[in-house]
Every structure is written in structure tokens, then in C-alpha cells.
1. Hey, can you tell me all the residues within the range 1-32 that are modelled with pLDDT under 90 and surrounded by fewer than 17 Cβ atoms within 10 Å (Cβ to Cβ)?
2. Condition first: under 18 Å from T150 (Cβ atoms), of a type in the set (F, W, Y) and part of a helix (DSSP H, G or I). Now tell me which residues in the range 52-69 satisfy that.
3. Inspect the range 49-67 for any residue being closer than 28 Å to V174 by Cβ and modelled with pLDDT of 90 or more and give the result as yes or no.
4. Among the residues of the range 102-125 satisfying the criterion of being β-branched (V, I, T) and part of a helix (DSSP H, G or I), which is modelled with the highest pLDDT?
Amino acid sequence: MGDIDPEIPKRLHNGDLEALREIVEHYQGSVFGIGVKLLGSVDDAKDYCQDVFVHVYEKRQKYDPERPFEPWFYKLALNLGRQRLRKRREIPKSDAMPKEITGEAAEKSVVENERKERVRHALQKLKPKYRECLALRFESDMQLHEIAQTLGISLGTVKTRLRRGLMAFKEVYVKGGLHEVY
């Protein structure tokens, strides 16, 4: 993910709604992807995504324009996701919409939807600290040092969480485990 123009967060800090629109355009895909991975459903991710940007605007005065924007932004987004996870304990069901297709395309679609559902289900079995690291690395394409800065943890801890998260994901995905891993 490319950095946003440094002037945009400064304008947001001053209450510029056009700056908020630019931030939404720049980060909405990443935030939505994180929402799906953390919360497990498209509907929850849509609500989460909207709430993140409202929350960013409400908390804009707490952002220090002299510091990098992304770590502050993603920390705020992840904290909101953590709040939602604490409020519920169930694993959401799939939001895949049925499509009318036939033949080979139907088979490919079914296989792809099943794979996506298995990935989503496996991610939901991981502890949130592992899901967060995996989402930031693979959904937001953040570098390890950026993840460390965003989460306020050491680089070594990021590496450990990514490694353990990937191992746990593999275990759940391959074996289809039914209980929380690690």
C-alpha cells in the first residue's frame, strides 16, 4: 500500500471533509479486507469499514500531524475491530451470494467459494493477535516494521506472531480443526 500524501492527514486533522473523502478512497479496500479477515463476514466488514472512517474523523484531533499517519490509522481501525470481537463470540456464517451459472464455470465457482469459506473459517479460529498481524501483512501489504509500529510491539514479536499465525492457519486449514488454535 502506497503512502498517502502527507498533507491529507494534516487537512483531516483540521476538519477538512474532502481530506476524509481522499482517505476513504485510499484505504477503503484495505480496511474492508481487514474487516472480512477479522470479523469473518462481508456484512460485518461493511459496517466495520464505515465505522472506522467515522471513528477516524471523530478522533482526528488525537492524531499528531508530525507523526506518520498509517500507524495511527491502522491502530485505530484494529482497536475498533477488537471491540467488535469482544462483543461477540460466535463465528459468522458466509455471506457468499448465489449465482446462476452452469457447467464448468459452476464447478469452478463452487470450488472457489468453498476455498474462500475454508480460508475465512480457518482465520476465525485463530486468536485475534494472529489475525491482526496476518491481515496487516497480507491484506494491507504492510512491511514488518510498519506492523510493529502500528501495533506498538517489537519487530521480533511481529515475526513471531506471523510465523505462529501462519502455522496455526495451516493446521486449521489443512486439518479442518474445530477449536481455537494457540
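1. To start, the set of residues in the range 1-32 that are modelled with pLDDT under 90 comprises 1-6.
Within the range 1-32, M1, G2, D3, D5, P6 meet the criteria.
2. At the first step, the residues of the range 52-69 found to be under 18 Å from T150 (Cβ atoms) are 52-53, 55-56, 59-60, 62-69.
Checking which are of a type in the set (F, W, Y) leaves us with 53, 63, 69.
F53, F69 - these are the residues of the range 52-69 that are under 18 Å from T150 (Cβ atoms), of a type in the set (F, W, Y) and part of a helix (DSSP H, G or I).
3. So far as the range 49-67 goes, no, none of its residues is closer than 28 Å to V174 by Cβ and modelled with pLDDT of 90 or more.
4. Of all residues in the range 102-125, those β-branched (V, I, T) come to 102, 110-111, 119.
Of the ones still in play, those that are also part of a helix (DSSP H, G or I) are 110-111, 119.
Working: V110: 67, V111: 69, V119: 78.
This residue is V119.
The values are calculated or read from the model by the stated rules, or taken from the named source; none is laboratory data. What you see is a predicted model; the values in this text were computed from it and never measured. Note that each Cβ is placed from the backbone with ideal geometry, even for glycine, and that neighbours are counted across all protein chains shown.
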